[in-house]
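The structure appears below as structure tokens.
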Amino acid sequence: MSENGKAKHIELPASITVRALAQTISASPIEVIKALMANGVMANINQNIDFDTAAIVAAEMGYEATLETTEETAAEDLGELPYWRKVIAKESAEKLVDRPPVVGILGHVDHGKTTLLDAIRNTSVAVGEVGGITQHIGAYQVVRNGRIITFLDTPGHAAFTAMRARGAQGADIVVLVVAADDGVMPQTREALAHAKAAKVPIIVAMNKIDRSNANPERVKRQLSEVGLTADDWGGDTMIVPVSAKQKLGLDDLLEAILLVADDMDIRANPKGTVIGSVIEAKRDRAKGVVATLLIQNGTLSTGDVVLAGTAYGRLKAMFDYRGNKVQQATPSTPVSVMGLSDVPEAGQLFQVVASERDARLIANETLQKQKEALNANRSKISLEKIFEQFKSGEVRELRLIIKADVQGSLEPIMSLLNDLSREEIGINILHAETGTIGENDVMLATASDAIIIGFSVQADPAARKLAESEGISIRLYDIIYRLQEDIEKALKGMLKPQEKLVVLGRAEVRATFKIPKVGFIAGCYVNEGEIRRNAKARVVRAGQNIFEGDFASLKHLSEDVREVRHGFECGIGLRNNQDIKVGDIIECFTTELVPVS
Ligand code: GDP
């Protein structure tokens with residue numbers, strides 16, 4: 001909409017999530033989803049829509065969008081960027097300065113994540129002082145070669161998943177802990193799926209190398225099977241042998257982190273818009289709400305009014321990870337804060353707003369919208385919905401998380417799905433393993449807009465509850481044939497409908513007449529199929545189509561008829577066409593929507 005030249009101009013990438021679009025055009029995601037629906041596109045907040053669709057929605061909200069003129073890859077990447085990274089991307093380049101890399105540690109249970117985090121925390125020089133007693137606030141910092149590294153110190157990868165699910169994506173680098181005596185395990189693969197989906201570089205910490213049964217070569221082979229090939233094997237993954245217990249290899253690991261960080265653009269504007277993520281939060285009897293915030297851009301100060309989802313408040317006090325009171329916190333610094341009205345969710349983005357009044361207004365609005373969204377969009381992802389989206393050509397990939405009872409059933413399912421996957425529309429199996437469907441699976445599905453398929457397994461009650469509140473579809477099967485049937489159905493719908501022209505009949509023009517008040521009529525003989533009055537017509541002369549349009553009249557003898565079959569004569573009038581000559585062929589055809597086979 002550029003009427004009166006008033007539309008504001010924006011640049012959009014080739015693909016953008018609904019959430020990012022909403023933020024770009026200062027609309028609520030719900031407004032965007034509604035506008036999409038009005039245009040026949042069903043998409044949820046995390047889904048990508050293409051530029052053309054986004055531009056239509058933007059136009060309806062008074063913006064004139066053009067395609068970003070940056071390099072193709074950059075344009076694509078921006079569409080996927082979490083919001084805080086976009087905030088940084090919008091800061092003018094000369095104001096950006098290096099910030100410490102933020103590192104998340106993921107891996108299979110018992111592979112040594114906690115031990116490793118503790119070892120790094122205790123052996124490294126703490127920021128600002130030597131050997132200070134650190135508090136567990138969900139993140140801490142260490143210094144290596146005079147450079148700071150921020151570690152997210154969260155149990156398991158629940159917080160990481162929550163962050164990703166809410167689009168915050170806090171970590172710049174993921175350290176994947178794999179025990180050298182145990183190798184790649186289900187949660188290793190799951191963690192890998194998360195890191196990949198978040199497009200975060202991965203460093204492998206091969207832990208427990210002190211164990212007598214450690215088998216680094218075997219683990220390296222397993223890692224390369226999941227796409228993490230060691231650099232000394234010609235791949236590009238740094239695999240660092242460590243022993244968290246004996247504190248071996250920790251320096252190498254920190255070194256590797258800094259090396260990877262050097263290859264990345266880890267910067268922010270300390271004087272820019274203040275934005276960050278909630279790492280964890282709880283209500284403390286004595287202190288009220290205590291939240292750990294990771295600053296991602298700008299500088300957070302005591303006295304600022306912070307808004308995180310529906311929680312807000314003026315910061316009464318801030319503490320660093322050692323429990324020292326601080327007045328300010330710069331990018332990549334975690335701080336524990338007091339003063340929020342409510343407990344914000346982990347992974348939630350926070351921002352600084354002008355006043356408590358503003359914060360209250362926005363928080364109330366958000367609350368209202370959350371309620372509406374919950375009612376309007378209870379079922380976020382279901383096979384049926386995806387089927388609709390495929391039909392409209394919006395989604396070209398079916399993302400699945402597969403859980404099965406035993407490895408023996410997982411394999412045939414995977415190969416079946418691979419067979420069903422086609423070039424144009426892929427099945428993307430984000431994660432497949434044996435075991436019950438748990439909360440982690442639902443989290444991964446939420447973060448990735450996937451459907452969970454369970455084969456001869458159940459979903460545990462917590463997972464069911466979460467799936468219901470997140471609107472994630474869990475489909476359980478006991479018979480592989482049923483599974484195949486459903487996926488095939490979805491895939492058929494997924495295929496962009498294609499118009500196929502079906503010729504119903506042909507008639508040869510043998511005479512032409514001009515009848516007063518009726519118009520130009522061709523006297524024909526139907527020599528193939530049939531001619532139908534309500535189908536489409538085209539005139540073929542010497543092998544060329546010279547007209548395509550509608551029938552105006554169809555007569556057999558002197559009667560109006562709906563169809564005339566092979567072997568009969570008829571009079572044909574064509575709407576808006578007088579150009580018919582003896583010897584022309586009038587073809588009668590329809591178009592049908594058929595799936596690509
Ligand atoms: P997490 O579940 O990944 O956090 O694993 P933990 O850090 O709790 O470690 C699980 C077990 O492995 C504990 O008993 C640790 O003492 C042990 N462990 C961790 N790292 C090492 C290591 O480098 N060597 C040996 N031998 N044991 C380790």
Between the DSSP loop rule and a limit of at most 12 other Cβ atoms within 10 Å, which trypsin sites (Lys or Arg not before Pro) in region 210-312 are left? Arg285
Links that overshoot a 19 Å alpha carbon limit, given the list Lys369/Lys465; Lys403/Lys465; Lys287/Lys316: Lys369/Lys465
Do any of Lys113/Lys196; Lys86/Lys196; Lys220/Lys489 go past 29 Å between their Cα atoms, and which? Lys220/Lys489
According to the square roots a ≥ b ≥ c of the eigenvalues of the Cα gyration tensor, what is the shape class of region 508-597, taking rounded for a/c under 1.5, prolate for a/b larger than b/c otherwise, and oblate for the remainder? prolate
Once a ≥ b ≥ c are taken as the square roots of the eigenvalues of the Cα gyration tensor of region 157-305, is the result rounded (a/c under 1.5), prolate (a/b larger than b/c) or oblate (a/b not larger than b/c)? prolate
Taking a ≥ b ≥ c as the square roots of the Cα gyration tensor eigenvalues, with a/c under 1.5 meaning rounded and otherwise prolate when a/b beats b/c, else oblate, which class fits region 457-565? prolate
What distance in nm separates the simple spin-label points at Ala38 and Leu504, each placed 7 Å from Cα in the Cβ direction? 3.7 nm
So which lysines can Lys8 reach, going by Cα to Cα under 18 Å and dropping same-chain residues fewer than 8 places off? Lys90
For region 476-484, 3J(HN,Hα) per residue [Karplus equation, 6.51 cos²θ - 1.76 cosθ + 1.60, θ = phi - 60°, Hz, x = Gly/Pro]: 9, 9, 10, 10, 5, 4, 5, 4, 4
So which GluC sites (Glu not before Pro) in region 512-597 end up in coil per DSSP with only 15 or fewer other C-beta atoms within 10 Å? none
Karplus couplings for region 93-107 from phi (6.51 cos²θ - 1.76 cosθ + 1.60, θ = phi - 60°), rounded to Hz, Gly and Pro as x? 3, 6, 8, 7, 10, 4, 10, x, x, 9, 10, x, 10, 10, x
Could the peptides 253-260, 399-406 be put in order, highest first, of the mean number of other beta-carbon atoms found within 10 Å of their residues? 399-406, 253-260
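Bear in mind these aren't lab numbers, they're just calculated from the coordinates by the rules spelled out. Just so you know, these numbers come straight off a predicted model, no measurement behind them. For neighbour counting, all protein chains shown are included, and Cβ atoms are generated from backbone atoms with ideal geometry for every residue, glycine included.
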